[in-house]
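Below you'll find the structure, written out as structure tokens, and then a few comments.
The values are calculated or read from the model by the stated rules, or taken from the named source; none is laboratory data. Since this is a predicted model, take the numbers as computed values, not measurements. Here Cβ is always computed from backbone atoms with ideal geometry, including for glycine, and neighbour counts include all displayed protein chains.
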Amino acid sequence: MSSPSAEVVIIGAGIVGASVAYHLAARGCTDVLILEKANAPVTGSTAFSAGGVRHQFGQEVNIRLSKYSIERLKNFTDEIGGYADLRQSGYLFLLNDEDTWADYQQQARLQRSLGIQVELLGPQDVLKLVPGTRLDDIVGATFGVDDGFCNPHGIATGYLKRARELGVRMALSSPVTGAQVSGERVTAVETPEGWVNAGFVVNASGAWSGRLAAFFGIDLPVQPYRRNAYMTEAFPLFPQPIPLTFDVGSGFWMRKEQDRLLFGMANPDDPAGENLNVDWDWLPTVLDAGINRFPLLENAHLVKGHSWAGLYEISPDHMPILGRHPEMQNYVHASGFSGHGVMHSPATGLLIAEEIIDGRAHSINIDELRITRFRNSLTHTETNVF
Ligand SMILES: Cc1cc2nc3c(=O)[nH]c(=O)nc-3n(C[C@H](O)[C@H](O)[C@H](O)COP(=O)(O)OP(=O)(O)OC[C@H]3O[C@@H](n4cnc5c(N)ncnc54)[C@H](O)[C@@H]3O)c2cc1C
């Protein structure tokens, strides 16, 4: 019996693999097989995302990825089906030192030059958005009017459903465990069921993409890092809606999840790894930072069972790694989003489909996102990350 085959094999059924599959199929490339190691789709980082979407980045290419993606999410149900549930309640960054404030003002100028609506706020304006904020050391804030949050699971399953209607196949409980490479081409990938011949392979395996790339002999600098999201009981002291709010000095963030509060803060000492247990030892530090900036949080009650941890997929410059591998032209990178893969998934699907069908992504120039950038000293780093 001959091995199964597909023109494009996508590894990973998260939001990125789903978007790539849909965009390929929508352009007529339907001989696509998604291989997913779990026994259900959308169980990786996508399922643990906070769903934030924002235009406010420091690097132009990231702003362009967001601009395209958020526009698509506005009409997601009409265009794709599924359920993006985009809430454009804004994103607020609070700054408490002059140098960082100057950086954010500079970033806002860049964002505005690309047509993004971002406002510079004085401390008193912040109170209208987030009541009770402690302002004594705040020097300024930026507010992204069209930013907000969405439903990552609804988007991923929407893309998958439409892709499958168009002919895309998906195999669950099918971890890729090896690869066959001949000269400068991948010819097949290995699963427990046997080999699958592949015309192209897309690595959309998120936090596991570095490990996966090693099967192809590729050194992909993407590492998994745990991030915790803690949830409170109903919190009526903040009227709905408040923006997704970052206290930049501490890294504390929060947003409303219906009538509850969702919040978190990255632990810089948490080592790379695949630990998915909620870090309860870190919670007191997070709460201290939150209450310090938003004293009303003293009244919040945590719901342990509704808190979770998931993995960021971090690249050295906190920028995605996209596009064909230079020495293996039918292997395509789609990972390294460094915690922004949900908001950048619509643009990524479009661009990876172009990379495969047209030979090169063209709707947005992704040259500075190609893996070759790590061969020289880095020229761009995204600083607006948490
Ligand atoms: C707490 C938290 C908050 C976040 N908040 C935001 C946010 O506000 N906004 C935002 O944009 N992003 C956010 N993110 C990041 C976002 O979740 C990710 O960037 C995004 O989900 C990446 O999507 P993906 O499809 O690449 O990865 P995943 O969803 O992880 O999908 C990868 C898939 O690959 C599969 N896989 C792995 N190895 C193999 C293998 N060998 N063979 C077959 N399949 C394999 C996995 O099982 C998984 O299903 C957050 C993440 C966390 C953890």
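Taking residues in segment 344-357 that are within 15 Å of residue 15 (Cβ to Cβ) and modelled with pLDDT of 95 or more, and partners anywhere that are assigned to a helix (DSSP H, G or I) and of a type in the set (D, E, K, R), the pairs with Cβ atoms closer than 8 Å and at least 6 places apart or on different chains are 346/72; 347/64; 347/72.
Quick check on segment 267-307: of everything there that is in a loop (DSSP other than H, G, I, E, B) and aliphatic (A, V, I, L, M), which residue is modelled with the lowest pLDDT? It comes out as 303. Under the condition of being more than 6 Å from the ligand (Cβ to nearest atom), surrounded by fewer than 18 Cβ atoms within 10 Å (Cβ to Cβ) and not in a helix (DSSP H, G or I), the residues counted in segment 31-50 number 3.
Kindly establish whether residue 55 is farther than 30 Å from residue 120 by Cβ and either more than 9 Å from the ligand (Cβ to nearest atom) or among the small types (Gly, Ala, Ser) (or both). Against the criterion (farther than 30 Å from residue 120 by Cβ and either more than 9 Å from the ligand (Cβ to nearest atom) or among the small types (Gly, Ala, Ser) (or both)), residue 55 does not qualify. Taking the stated definitions as given, is residue 187 surrounded by fewer than 22 Cβ atoms within 10 Å (Cβ to Cβ) and touching a Lys or Arg at 6+ places or on another chain (Cβ under 6 Å)? No. Within segment 336-383, the set of residues being surrounded by fewer than 20 Cβ atoms within 10 Å (Cβ to Cβ), of a type in the set (S, T, N, Q) and assigned to a loop (DSSP other than H, G, I, E, B) comprises 363, 365, 376, 377, 379, 381, 383.
Of the residues screened, residue 134 is not one that is touching a residue at least 24 places away in the same chain (Cβ under 8 Å) and closer than 20 Å to residue 257 by Cβ. Considering every residue within segment 349-366, establish whether at least one is within 12 Å of the ligand (Cβ to nearest atom) and on the phi < 0 side of the Ramachandran plot. Yes, segment 349-366 has at least one match. When residue 217 is tested against (1) within 14 Å of the ligand (Cβ to nearest atom); (2) outside the structural domain of residue 127 (by TED's automatic domain parsing); (3) over 18 Å from residue 334 (Cβ atoms), just one condition goes unmet, and that condition is (1).
In the set 141, 198, 179, only one residue is closer than 20 Å to residue 21 by Cα and either in contact with a Phe, Trp or Tyr (Cβ under 8 Å, 6 or more places away or on another chain) or not acidic (Asp, Glu) (or both); that residue is 198. Of all residues in segment 237-281, those that are within 13 Å of the ligand (Cβ to nearest atom) and acidic (Asp, Glu) total 4.
Among the residues of segment 376-384, are any within 14 Å of residue 323 (Cβ to Cβ), within 16 Å of the ligand (Cβ to nearest atom) and of a type outside the set (Val, Ile, Thr)? No, segment 376-384 contains no residue that is within 14 Å of residue 323 (Cβ to Cβ), within 16 Å of the ligand (Cβ to nearest atom) and of a type outside the set (Val, Ile, Thr). Scan segment 116-130 and tell me whether some residue there is closer than 26 Å to residue 319 by Cβ and in contact with a Lys or Arg (Cβ under 9 Å, 6 or more places away or on another chain). Scanning segment 116-130, I find at least one residue that is closer than 26 Å to residue 319 by Cβ and in contact with a Lys or Arg (Cβ under 9 Å, 6 or more places away or on another chain), so the answer is yes. Residues that are without any contact (Cβ under 8 Å) to a residue 40 or more places away in the chain, charged (D, E, K, R) and within 30 Å of residue 31 (Cβ to Cβ) do not occur anywhere in segment 302-319. Looking across segment 179-214, the residues that are in a strand (DSSP E or B) and either of a type in the set (Phe, Trp, Tyr) or outside the structural domain of residue 45 (by TED's automatic domain parsing) (or both) come down to 195, 200.
The set of residues in segment 158-178 being more than 10 Å from the ligand (Cβ to nearest atom), part of a loop (DSSP other than H, G, I, E, B) and surrounded by fewer than 21 Cβ atoms within 10 Å (Cβ to Cβ) consists of 166, 167.
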